[in-house]
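Working notes for the structure below.
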Amino acid sequence: MNRQTLRWQVLAQDGEARAGVLQTRRATIETPVFMPVGTLGTVKGMRYETLESPELDARIILGNTYHLWLRPGADVICALGGLHRFTGWRRAMLTDSGGFQVWSLTGLRKISEEGVEFRSHIDGRQCFLSPEISMEAQAALGAEIVMAFDECAPGKLAHAETRKSMERTLRWEARSKNRFDELQAESADAGRNCGTNEVSGAQALFGIVQGATHLDLRRESLARTVEMGFDGYALGGLSVGEEKEVMYDVIAQVAPEMPRSSPRYLMGVGTPEDLVEGVSRGIDMFDCVLPTRNARTGQAWTTEGKLNIKNARWTRDERPLDEACACSVCRRYSRAYLRHLYIAGEMMASILLTHHNLFFFLDTMRRVRQAIRFNEFAKFRREFLTRSACSAE
Ligand SMILES: [Zn+2]
């Protein structure tokens, strides 16, 4: 009997919201969890020791296969012992398949049954990514959780086209799983040597449910993906142009039908409000570039909504970014100082705003988990959404 690649346990449930524990060979992850995005092997503006410190305590981050495959190359990272050894990150990691990135290269890519042909955004060179190549690249990177290669359909795609895209995703998922199983049988993944007693050194593979906003297709995609059998299930193709209410409705309809015995991951979403709304509909895992990307454009997420640090009204404001925030940035620095750094183009502005934003997202999830455990999630959600609606700007 093989040891499991992941251990997953739901500890408490409040409505559809679940609090659980996901154990990989490198970390114990309390869920619901927000995964900071480390696109190029770095969570921009953060040192890993800070991210691992008790203050932020991120347990799992996301790496982008597309970007790392192009530069420095999956072969280079594999030769250096995998993404963990290459980057120095010691906790859990999930890699995406690259499918979403190549799909986003509108105008630069051609999709066929075999895979996606595209021009590299770095040097224009012709490249080709397929389910098999994505699995090989993700094995070389060696994250504990890898994603099947899928096709993302735009949020407002018509039913017939969505069905075609969904059928292709299902064929690509089957090919992903075949290649994944072969690679695992060969022990080909880079991080294999750090298994623990509880979980094996092998990688886990998540399947992705597509179907845009068409609920019948979403349900069919879910049933057929579950039939193939994956270690976890993701909702893909949301937050890609559809209205927010439509996205919430798809999650509400589909997430509770996803297997209870596996983690549920909502890919690429979202704002703090989206996280709370996703949790209330049964989602366990999230990732998004918002806290890091927005920090670099001067936006902070606070308990009272978004705050734009460029605003002239903060010029003499001695208050912290968020008076209710316990992060080390809010304990020391004023809006006036942060605004000055940003306007002067100092890199520290991005570093400090990134720190606060990631703390805010991670701390929100800590409070979400606690609320679920105490059966107070409905109250937490109501209060959180009411407060964040009064934007500080
Ligand atoms: Zn703060």
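Brief remarks follow.
- Matching entry among 123, 181 (being more than 20 Å from the chain's Cα centre (by Cα), in the same structural domain as residue 240 (by TED's automatic domain parsing) and farther than 22 Å from residue 265 by Cβ): 123
- Scanning the stretch 350-393 for residues that are in contact (Cβ under 8 Å) with a residue 24 or more places away in the chain and more than 25 Å from residue 59 (Cα to Cα) yields a total of 9.
- Taking first residues from the stretch 299-321 that are at positive phi and in the same structural domain as residue 340 (by TED's automatic domain parsing) and partners that are among the aliphatic types (A, V, I, L, M) and away from the ligand (no atom under 15 Å from the Cβ), the Cβ contacts under 7 Å between residues at least 6 apart in sequence or on separate chains come to 305/389.
- All conditions but one from (1) among the small types (Gly, Ala, Ser); (2) crowded, with 18+ Cβ neighbours inside 10 Å; (3) more than 24 Å from residue 354 (Cα to Cα); (4) out of contact with any Phe, Trp or Tyr (no Cβ under 9 Å at 6 or more places or on another chain) apply to residue 92; the one that does not is (3).
This table checks each residue for (1) among the polar types (S, T, N, Q); (2) more than 12 Å from the ligand (Cβ to nearest atom); (3) surrounded by 12 or more Cβ atoms within 10 Å (Cβ to Cβ); (4) over 28 Å from residue 367 (Cα atoms).
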residue	(1), (2), (3), (4)
305	no, yes, yes, no
312	no, yes, no, yes
328	yes, no, yes, no
332	no, no, no, no
335	no, no, yes, no
339	no, yes, yes, yes
347	no, yes, no, yes
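- Scope the stretch 271-304; condition out of contact with any helix residue (DSSP H, G or I) (no Cβ under 7 Å at 6 or more places or on another chain) and under 26 Å from residue 12 (Cβ atoms); matching residues: 274, 284, 285, 287, 288
- Considering residues of the stretch 56-84 that are crowded, with 17+ Cβ neighbours inside 10 Å and more than 19 Å from the chain's Cα centre (by Cα) only, the residue nearest to residue 133 (Cα to Cα): 74
The values are calculated or read from the model by the stated rules, or taken from the named source; none is laboratory data. Since the model is a prediction, treat every value here as computed from it, not as a measurement. Glycine gets a Cβ as well: all are built from the backbone with ideal geometry, and neighbour counts include every protein chain shown.
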